[in-house]
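Since the structure comes first, as structure tokens, the remarks are kept for the end.
The values are calculated or read from the model by the stated rules, or taken from the named source; none is laboratory data. Please read all numbers here as calculations on a predicted model, not as lab measurements. We place every Cβ from the backbone using ideal geometry, glycine too, and count neighbours over all the protein chains shown.
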């Protein structure tokens, strides 16, 4: 019998979970700060719903199941499609914009590597029903706020607008399927294959040359990229409109968020097919995996049968963030120290130990009671190994209203009343 989890999935031990919870707690603080209501959907969704707009690569990596009646479902590979379904089915009459947040697990049959698992965790911020540049800025600002809150240095935003390439291709008569293929190749940085694909389509030299030039434009010098792109796109009015939207967004981001670093990369794509506008990912200098990503998806809700509804959102990758923070040595010391173990000195004091524990807990103070009924020496050894800061011994002194309190770190002990013990512990930790 195999005792390990499936490849690419992991058990979370207490210390692992504590690290994940640290990042999740930061995300939930931002839910409250920005007014996002947390929601949860089933891990299992209709295969057709999930497969419709996630892109070919994600479709291939989905975990697909069939129930006893032959219906096809899949474990969710990303969060935006379930959110779109939720908005259509449960938020139809809500005043807009709607702000929804989530922290869920996801599943993709990818090759496991640094920061990438087949079961992984992401947060999500979805702003539904607002088409303005200001809505884009809010989502991007949350991403910046999160990485600053986590203390991650040298991060930057990589940004593009999918409308630039989509509009060029549309101008030359190529439909959404071709556009999705081109953007998928851009997502994988397979630029030579992208150009070969256009050649195989017998695309006009004008188109091939324009796309070849556009996908090479990449710099932190925003002005240089925009000026060059404006020349290349002079005959494509819709693409110019997308470029101007991107420029306006970057300018407004700089005004709102100060010295945030932004890399404009007009050859950057994301594998998900539902994006219609600005897209972005968050990177840390020297580490070649995206820690968060998102963008605008103005047609997805309508595609699923809802009313035309603009939307924008992003997802921070929780596992990836933890891995990178560990690699950089910046994950805060997350203590696993337990505060207090209450130990009966002998069997005669078992019920008193339980009662004392109850009285301490009733004040909101965490406490563990020794219930193994072992020798006092063995209980103290257990307290040491488990990292308890204090051990309260309930023994003969308790008849006089005193508890022997051992400081396991200082290797000292005092006799103290229950009231004084509670007063001391309230200054250490309450929950």
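Could you please find all residues in the stretch 390-431 being free of Cβ contacts under 8 Å to residues at least 40 places away in the same chain and in a helix (DSSP H, G or I)?
397, 399, 400, 419, 420, 423, 424
Consider residue 240 carefully, then state whether it is closer than 19 Å to residue 276 by Cβ, free of Cβ contacts under 8 Å to residues at least 60 places away in the same chain, in a helix (DSSP H, G or I) and touching a helix residue (DSSP H, G or I) at 6+ places or on another chain (Cβ under 9 Å).
When the stated conditions are applied, residue 240 passes them.
Quick check on the stretch 81-100. Is at least one of its residues on the phi < 0 side of the Ramachandran plot and under 13 Å from the mean Cα position of the chain (by Cα)?
No - not one qualifying residue is present in the stretch 81-100.
Does the stretch 186-199 include one or more residues that are within 17 Å of residue 290 (Cα to Cα), under 31 Å from the mean Cα position of the chain (by Cα) and surrounded by 15 or more Cβ atoms within 10 Å (Cβ to Cβ)? If you could, list the steps in order and put the result at the bottom.
From the stretch 186-199, those within 17 Å of residue 290 (Cα to Cα) are 186-189; that's our starting set.
Filter once more, keeping what is under 31 Å from the mean Cα position of the chain (by Cα): 186-189.
With surrounded by 15 or more Cβ atoms within 10 Å (Cβ to Cβ) added as a condition, the list becomes 186-187.
Yes, the stretch 186-199 has at least one match.
Considering only residues that are surrounded by fewer than 18 Cβ atoms within 10 Å (Cβ to Cβ) and in contact with a strand residue (DSSP E or B) (Cβ under 9 Å, 6 or more places away or on another chain), look in the stretch 246-261 and name the one that is nearest to residue 302 (Cα to Cα).
Taking the candidates together, the pick is 254.
If you go through the stretch 368-381 one residue at a time, how many are surrounded by fewer than 16 Cβ atoms within 10 Å (Cβ to Cβ) and assigned to a helix (DSSP H, G or I)?
Within the stretch 368-381, residues that are surrounded by fewer than 16 Cβ atoms within 10 Å (Cβ to Cβ) and assigned to a helix (DSSP H, G or I) number 4.
Yes/no per residue for (1) at pLDDT 95 or above; (2) in the same structural domain as residue 142 (by TED's automatic domain parsing); (3) more than 20 Å from residue 305 (Cα to Cα); (4) not in a strand (DSSP E or B):
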position: 31; (1), (2), (3), (4): yes, yes, yes, yes
position: 48; (1), (2), (3), (4): no, yes, no, yes
position: 53; (1), (2), (3), (4): no, yes, no, yes
position: 68; (1), (2), (3), (4): yes, yes, yes, yes
position: 82; (1), (2), (3), (4): yes, yes, no, yes
position: 88; (1), (2), (3), (4): yes, yes, no, yes
position: 92; (1), (2), (3), (4): no, yes, no, yes
position: 106; (1), (2), (3), (4): yes, yes, yes, no
position: 110; (1), (2), (3), (4): no, yes, yes, yes
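Could you tell me whether the stretch 220-229 includes any residue that is modelled with pLDDT of 95 or more, part of a strand (DSSP E or B) and at negative phi?
Within the stretch 220-229, none of the residues are modelled with pLDDT of 95 or more, part of a strand (DSSP E or B) and at negative phi.
Return the only residue of 407, 419 being surrounded by fewer than 18 Cβ atoms within 10 Å (Cβ to Cβ), closer than 26 Å to residue 334 by Cβ and either in the same structural domain as residue 363 (by TED's automatic domain parsing) or at pLDDT 90 or above (or both).
407
Restricting the search to the stretch 129-140, which residues are buried (at least 17 other Cβ atoms within 10 Å of the Cβ) and out of contact with any helix residue (DSSP H, G or I) (no Cβ under 6 Å at 6 or more places or on another chain)?
Of everything in the stretch 129-140, those that are buried (at least 17 other Cβ atoms within 10 Å of the Cβ) and out of contact with any helix residue (DSSP H, G or I) (no Cβ under 6 Å at 6 or more places or on another chain) turn out to be 129, 130, 135, 138, 139.
Considering only the stretch 22-52, state which residues are surrounded by fewer than 17 Cβ atoms within 10 Å (Cβ to Cβ) and without any contact (Cβ under 8 Å) to a residue 60 or more places away in the chain.
Matches in the stretch 22-52: 25, 32, 42, 44, 46, 48.
Return the pair list, or none, for Cβ contacts closer than 9 Å from residues in the stretch 175-191 that are on the phi > 0 side of the Ramachandran plot to residues that are not in a helix (DSSP H, G or I), at least 6 apart or on different chains.
Within 9 Å, the pairs are 189/267; 189/268; 189/269.
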